[in-house]
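The values are calculated or read from the model by the stated rules, or taken from the named source; none is laboratory data. Please read all numbers here as calculations on a predicted model, not as lab measurements. Methodologically, a virtual Cβ is constructed for each residue, glycine included, from the backbone with ideal geometry; neighbour enumeration extends over all protein chains shown. To get the accessible areas, we keep the full protein, side chains included, count just its heavy atoms, and leave off ligands, DNA and RNA. Shrake-Rupley method; radii C 1.70, N 1.55, O 1.52, S 1.80 Å.
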Amino acid sequence: MPPAKTAPHEPFPVVVLGRDVMIPVRLYSDEPPPEAVSALPPRQRQLLHCLYSRHHDGRVRQRHLEEIVGSADPWVVPYVVQLAGEYVVEILVVLRDSLRDLDVPGSELRLAHGRFLVENPEFFARTQRRIVSYWSCYHLHRGSFRDFPGSTVLDLFLSAASGAAGRRWPSVAPRARTRLDGYC
């Protein structure tokens, strides 16, 4: 990774398979040249894509998300889930279109995401609130929450978490097209 122009923001904690992991909130390093990325071994390349999914530029985050979104590797999942709670609607569309297997019982992707979400209930609750908040603040005028790509992503996450927990996982999603006090 090229040197950063600005220090990364404080990381946030998650638990992956019982181990504490710190994920950077934002990175400010320029992207390495494509030939340098393609020369990396697969595991290092995947790690690089995870890290750049935390980049300060939403287009960079989206490009790198597209490289990891289908991975069922447990340590990749927090990077994918974190992006659902951010404001870039194009990223939500990538998540919505790429995570359909979260609704398929027994799929590797569903098991990995469900395990992570159940292991991190506070993180998942915060992600849910962020999805709803960004809709309420920026997309409410375009239609109901059900029409928002984040709604489908949230449903997929809830399905995976419910499967892993063996019970219906609580949702904070709105049922009606109303502004939600305290979310914006």
Within segment 26-39, count every residue that is open to solvent by 50 Å² or more (accessible area, probe 1.4 Å) and part of a loop (DSSP other than H, G, I, E, B). 4
Of all the residues that make up segment 133-184, how many are more than 18 Å from Ile91 (Cα to Cα), modelled with pLDDT of 95 or more and part of a helix (DSSP H, G or I)? 8
Restricting attention to segment 53-60, does a residue exist that is farther than 26 Å from Asp147 by Cα, open to solvent by 20 Å² or more (accessible area, probe 1.4 Å) and either not in a helix (DSSP H, G or I) or not charged (D, E, K, R) (or both)? yes
Checking Leu140 against (1) open to solvent by 10 Å² or more (accessible area, probe 1.4 Å); (2) under 14 Å from Trp169 (Cα atoms), only one condition comes out false. Which one? (2)
Inside segment 62-77, can you point out the residues that are assigned to a helix (DSSP H, G or I), surrounded by fewer than 21 Cβ atoms within 10 Å (Cβ to Cβ) and not basic (Lys, Arg)? Gln62, Glu66, Glu67
Checking the structure you have, find out if any residue of segment 114-131 is outside any helix (DSSP H, G or I), at negative phi, open to solvent by 10 Å² or more (accessible area, probe 1.4 Å) and in contact with a helix residue (DSSP H, G or I) (Cβ under 6 Å, 6 or more places away or on another chain). no
